[in-house]
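Some notes on the structure that comes next.
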Amino acid sequence: MSEEKVGVYICHCGTNIAKVVDVEDVAVWAGNQPNVAVSRDYKFMCSSLGQELIEQDIKEKGLTRVVVASCSPHMHEKTFRTACERGGLNPFLFEMANIREHDSWITEDNEAATQKAKALTNAAIERVVHHQPLELIPVEINPNTLIVGGGIAGITAALELADAGHHVYVVEREPSIGGHMAQLDKTFPTLDCSACILTPKMVDVGQHDNITLLTWSEVEELDGYLGNFSVTVRKKARYVDEEHCTGCGICIEKCPIRVVDDVFEVGMGKRKAIYRPFPQAVPKYPVLDPEHCTYFLRGKCKACQLFCPTEPNSIDFEQEDEILKLEVGNIILATGYDLFDVSKIPQYGYGKLPNVFTSLEFERMVNAAGPTDGKIVLRDGKSLPGSVVIVHCVGSRDENYHKYCSKVCCMYSLKFAHLIHERLPDADVYNCYIDMRTPGKGYEEFYHRLLEEDTHFIRGKVAEVTDAARTKEEEGKLIVQVEDTLIGRQRRVPVDMVILSPAMEARYDSKEVTQLFKMGCDFDGFFIERHPKLDPVATMTEGVFIAGACQGPKDVPDSVAQGAAAAARVAGLISRGTVMMEPVRAHINEEECSGCRICNNLCPYNAIIFHEDRGVSEVITALCQGCGTCVAACPSGIITGAHFTNNQVLSEIEGILWDVRPAKVPV
Amino acid sequence: MSEKFEPVIVGFLCNWCSYRAADLAGTARIKYAPNMRPIRVMCSGRVDPQFVLKALREGADGVLIAGCHPGECHYVNGNIKALRRYILLKKMLKQLGIEDERVQLVWASASEGIVLAEKVNKMTEEIRALGPLNWSEKVLGGNGRHIVPVLDEV
């Protein structure tokens, strides 16, 4: 038996615990366990009086270990550790038994609950005896921040941090920042022109002294931890020298090759082989697309180089990808969303029936700077539609695809109806919806405005879009088959144009991104926040934050709010300068290491290195995150996982089974 | 005390998902079998097979290992390493004559209090049907003394 003097405190938590667990009985029983010097029960251990009780006992009774049996350690471990510290005890000589969330709240059986409370308390007593005093590890925060994604959420976060005086790297996969918002025409419900409110912010990002903008770039590797991440970024070859290019655009003008732009114009428009996705792109330098460039394909042309007016010439066919290493303290992921692939629902006819459009295609079409100069026309490029159906919930609120509500579609579908009324006053516009969801400031009012604009609303999920006419008036039309649930009848609506409003979904590569940044995503692929209500922009990985639609479907105001919130969180860490980290880390006893290297490949953080000269492995404390996988794997048992040592866990197992253990027989 | 056999299950819950799932089950007042006694580990990858053996030897009738869903591990893929060990361990336990249901693995994310609670209920019933493990009978063949090494020798 050890010499330790353990103080045990059983909390009533008002009646939360005491109503089910016989706390007095547990306290008396605990008092009779080996090593226990003091055992008490108290109404609220987390109250200042409860905490003082612990402090006093440490000072007066010379306690060397403390156990509190109360709620979850995620709730109050920190509270009691601090109380121990105030009493003069190392905070890690404390252990908590969770007899509320794991016991009194899950059963009404008093006897079983009391028995379980004893087991959990005893486990803590037997474990705490083996605790070692530990010190928190101070970590300095590098004041630079990496923001991945240059949509509106990333732009907002970047400007907030840069304006606060901190350096920011913005890494964007596309040639320009702006994201999906740059593709939109108007924004609901105020109908501000999207570009008019976005482009000034894009320009600010491009010109800010504190922002290094890396477009046409992707993060390839991430090492390190909160405060000290090291990021490898691939800056793809643009074949344009950014230092000398003035962005005059003559090369674009002279390029003879026109290709369909599948990215920015979503296939609705064309671009050159050397191009800028849109006129207001930031940065202004064009990108050369070697897959379509005549010089790259056939070794001839070079029109862009020939006409480039800068000295020296800015077109550089020899340019190669550049690998950059960035050192940052925090990371904000604002990687945005993809749209649901509507061709997965064949009965809606997209791809087969030319006049079925997606919302983003329509968005480009109504945009004054878009491929049709803002004219609403059918696929032939000239005929005006006399009637349009807008189909809500395509791939969202659908058991077969995404169960969730995509949140923004009702509002933009209403916006589309308004824009059609505005440009084609004689056109009939139908909205086929399941439920009209318009929560938000000014949103419901916008819906009412549309009700007065003579839009036809059909409450029902569209079954099919077809060109198979049954009557004369259906001939040459798209027929939308839908049950109007308000009148209880099937309807066939013959129209000229159909717009599908697809679900916002997680980026196709969100799983890989979460693996790269060592955080989690949910079943739908959206990044998981630390707490859905109270911590929406932090992740389970310290130093990695999320903002915007990468966390779930969001409109512009919500994305902006999250971008700013994530920036505030990062700014808080930067201004603290140093944060204290839990000392739960692995350590290899080099004297006993056999050099088998089993642990080397298990570490997800590459924190274990092998010293060839001495034939032993070593854990780099700064990189270790304390998962303990190596500890469990070491065949010699000589890796110690601080605060989760083999001795501590094995004693806990013995303690938790106090009432069922077989009697010990000497060997 | 009723006549019914109440199994004791030791649960190894990872700090980030499953322990929080158990917290959530409590906070949501989901009622489930109090037979599982949780031990918190930082990651399911920390669950050394000897912990499981130790628990069975020390009187537990079953062991539940709970971790984050594949792809959601806080430590990238510790849960996958737990799964690898679990599969090997199960093979060994089978050779010792220990029934399949006694050692189980579940993925429960921090939002899946109900998943964890249902798993504990199901496992409790399965083990109740099997009866006590009785390690000294089953594994040591009941021929002689049950040798429990004292901790320092482990």
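The values are calculated or read from the model by the stated rules, or taken from the named source; none is laboratory data. Bear in mind that the values here come from a model prediction, so they are computed numbers and not experimental data. All Cβ positions, glycine included, derive from the backbone under ideal geometry; neighbour counts span all protein chains shown. Heads up: the accessible areas ignore ligands, DNA and RNA and are worked out on the full protein's heavy atoms, side chains in. Shrake-Rupley method; radii C 1.70, N 1.55, O 1.52, S 1.80 Å.
Taking +1 at the Cβ of each Lys and Arg and -1 at the Cβ of each Asp and Glu, which of A:HIS74, A:TRP29, A:HIS12 sits farthest along the dipole of region A:1-114 towards its positive end, judged by Cα position relative to the Cα centre?
Result: A:HIS74, furthest along the dipole toward the positive end.
Give me the inter-chain shielding for A:629-642: mean count of other chain Cβ atoms within 10 Å, whole number please.
On the way: counts 17, 3, 5, 14, 6, 1, 0, 0, 3, 0, 0, 0, 5, 0.
The per-residue average across the peptide is 4.
On a 1.4 Å probe surface of the protein chains, which of A:SER104, A:SER230 comes out largest in accessible area, and what is the full order?
A:SER230, A:SER104
Please report, in debye to the nearest 20, how large the charge dipole of region A:580-667 is about its Cα centre when each Lys and Arg carries +1 at its beta carbon and each Asp and Glu carries -1 there. Provide the component values of the computation, followed by the final result.
Numbers: 5 positive and 10 negative charges, 41 e Å.
Using only the charged Cβ atoms, the result is roughly 200 debye.
How would you classify chain B from its alpha-carbon gyration tensor, with a ≥ b ≥ c the square roots of the eigenvalues: rounded for a/c under 1.5, else prolate if a/b is greater than b/c, otherwise oblate?
Details: a/c = 2.02, a/b = 1.34, b/c = 1.52.
Verdict is oblate for chain B.
Distance between Cα centroids, region B:55-101 to region A:619-660: provide it in whole Å.
Result: 16 Å between the Cα centres.
Highest first, please rank the peptides A:313-326, A:106-119 by the mean number of other Cβ atoms sitting within 10 Å of their residues.
Details: A:313-326: 14.8, A:106-119: 20.4.
Packing proxy ranking, top to bottom: A:106-119, A:313-326.
Restrict the search to region A:389-446; then list the GluC sites (Glu not before Pro) that DSSP places in a loop and that have at most 10 other Cβ atoms within 10 Å of their Cβ.
Values: sites: A:GLU399, A:GLU422, A:GLU444, A:GLU445; in loops: A:GLU399.
Those that pass, being in a loop and sparsely packed, are A:GLU399.
Which residues, if any, in region A:70-95 lose at least 40 square angstrom of accessible heavy-atom surface (probe 1.4 Å) when the other protein chains sit next to their chain rather than the chain being alone?
For region A:70-95, once contacts with the other chains are taken into account, A:HIS74 lose 40 Å² or more.
Quick one: plug the Kirkwood hydrodynamic radius of region A:275-347 (C-alpha pairs) into Stokes-Einstein at 10 °C, 1.306 mPa s, and report D in µm²/s.
On the way: Rh = 16.8 Å.
Reported coefficient: 94 µm²/s.
For the protein assembly as shown, give the share of DSSP beta bridges that are antiparallel, in percent and rounded to the nearest 5; count only bridges with both residues there. Please list the in-between numbers first.
On the way: 53 of 118 bridges.
The answer is about 45 percent antiparallel.
If I compute solvent accessible area with a 1.4 Å probe over the protein chains, what percent of it on chain A is carbon and sulfur? Provide the component values of the computation, followed by the final result.
Numbers: 14010 of 28340 Å².
Its accessible area is 49 percent carbon and sulfur atoms.
For the pairs A:LYS403/B:LYS119; A:LYS518/B:LYS122; A:LYS236/A:LYS415, flag any whose C-alpha to C-alpha distance is greater than 28 Å.
A:LYS518/B:LYS122; A:LYS236/A:LYS415
222 nm [θ] for the protein assembly as shown, helices only, -39500 (n - 2.57) per DSSP H run of 4+, per residue, to 500? Please list the in-between numbers first.
Details: 22 runs with 238 residues, N = 821.
It comes out at -8500 deg cm²/dmol, rounded to the nearest 500.
In region A:26-166, how does Rg compare with the Kirkwood Rh, expressed as the Rg/Rh ratio over alpha carbon atoms? Spell out each step's value before the answer.
Working: Rg = 21.0 Å, Rh = 17.7 Å.
That ratio equals 1.19.
When DSSP beta bridges are limited to those with both residues in region A:381-532, what percentage is antiparallel, rounded to the nearest 5?
Counting DSSP beta bridges with both partners in region A:381-532, the antiparallel share is about 45 percent.
With point charges of +1 on the Cβ of Lys and Arg and -1 on the Cβ of Asp and Glu, referenced to the Cα centre of chain A, which listed residue (A:GLY525, A:VAL170, A:SER104) lies farthest in the positive direction of the dipole?
A:GLY525
Take every residue in peptide B:21-33, count the Cβ atoms of other chains within 10 Å of its Cβ, and give the average of those counts.
On the way: counts 0, 5, 10, 2, 4, 12, 6, 3, 2, 2, 5, 2, 4.
That average works out to 4.
Averaging over all projection directions, find the projected area of the Cα convex hull of the protein assembly as shown and quote it in nm² with one decimal place. Don't jump to the answer; show the numbers that get you there.
Numbers: hull surface 172.4 nm².
Spelled out: convex hull of the Cα atoms, projected over all directions, averaged, 43.1 nm².
Using only Cα positions of region A:524-599, each an equal point scatterer, no hydration layer, compute I(q)/I(0) via Debye at q = 0.21 Å⁻¹ and quote the log10 values to two decimals.
-0.94
For A:ARG65, what accessible area in Å² do you get when you roll a 1.4 Å probe over the heavy atoms of the protein chains, rounding to the nearest 10?
Here the residue's solvent-accessible area equals roughly 20 Å².
List the trypsin sites (Lys or Arg not before Pro) in region A:250-280 that DSSP assigns to loop (not H, G, I, E or B) and whose Cβ has at most 12 other Cβ atoms within 10 Å. Which are they? Working shown, then result.
Details: sites: A:LYS254, A:ARG258, A:LYS270, A:ARG271, A:LYS272; in loops: none.
In loop regions of region A:250-280 (DSSP not H, G, I, E or B), there are no sparsely surrounded trypsin sites (Lys or Arg not before Pro).
Let me check against my output: what whole-number percent is the relative contact order of chain A, with C-alpha pairs under 8 Å and at least 6 apart?
Details: 1415 pairs, mean separation 88.2, N = 667.
That works out to 13 percent.
Which GluC sites (Glu not before Pro) does region A:128-219 hold that lie in a coil by DSSP with at most 14 other beta carbons within 10 Å?
Working: sites: A:GLU135, A:GLU140, A:GLU160, A:GLU172, A:GLU218; in loops: A:GLU135, A:GLU172.
When the GluC sites (Glu not before Pro) of region A:128-219 are filtered for loop state and at most 14 Cβ neighbours within 10 Å, A:GLU135 remain.
Could you give the size of the charge dipole of region A:182-313 about its Cα centre, using +1 on the Cβ of each K and R and -1 on the Cβ of each D and E, expressed in debye and rounded to the nearest 20? Can you show the working numbers first?
Numbers: 16 positive and 18 negative charges, 138 e Å.
Its charge dipole is roughly 660 debye.
Could you work out the relative contact order of region A:152-228, using alpha carbon pairs under 8 angstrom and six or more residues apart, expressed as a whole percent? Walk me through the intermediate numbers first.
Details: 86 pairs, mean separation 32.0, N = 77.
It comes to 42 percent, rounded to a whole number.
What does the buried accessible surface come to for B and A, summed over both chains, with the probe at 1.4 Å? Round to 100 Å². Walk me through the intermediate numbers first.
Details: alone 8700 and 30980 Å², together 34470 Å².
When B and A are taken together, about 5200 Å² of accessible area is lost.
Ordered by packing density, taken as the mean number of other Cβ atoms within 10 Å over each peptide's residues, highest first, how do A:404-410, A:592-598, B:24-30 rank?
Values: A:404-410: 21.6, A:592-598: 14.6, B:24-30: 17.9.
My ranking of the peptides, most packed first, is A:404-410, B:24-30, A:592-598.
Suppose every Lys and Arg Cβ carries +1 and every Asp and Glu Cβ carries -1, with no other charges. What dipole size does region A:148-250 come out with about its Cα centre, to the nearest 20 debye? List each step's numbers first, then the result.
Values: 7 positive and 15 negative charges, 47 e Å.
Roughly 220 debye for region A:148-250.
On average, how many beta carbons from a partner chain sit within 10 Å of the beta carbon of a residue in A:514-523?
Details: counts 3, 4, 1, 0, 5, 3, 11, 2, 5, 4.
Neighbouring Cβ atoms belonging to other protein chains average 4 per residue here.
Please name which of A:ILE376, A:THR358, A:CYS432 has its Cα lying farthest along the dipole of region A:353-446 towards the positive end, using unit charges on Cβ (Lys, Arg +1; Asp, Glu -1) and the Cα centre as origin.
A:THR358
Roughly speaking, what is the centre-to-centre gap between region A:1-16 and region A:152-210 when only Cα atoms are used, to the nearest Å?
Between the Cα centre of region A:1-16 and that of region A:152-210, the gap is 55 Å.
Express in Å², to the nearest 10, the accessible area of A:HIS611 obtained by rolling a 1.4 Å probe over the protein heavy atoms while all chains stay in place.
Around 40 Å² of this residue is reachable by solvent.
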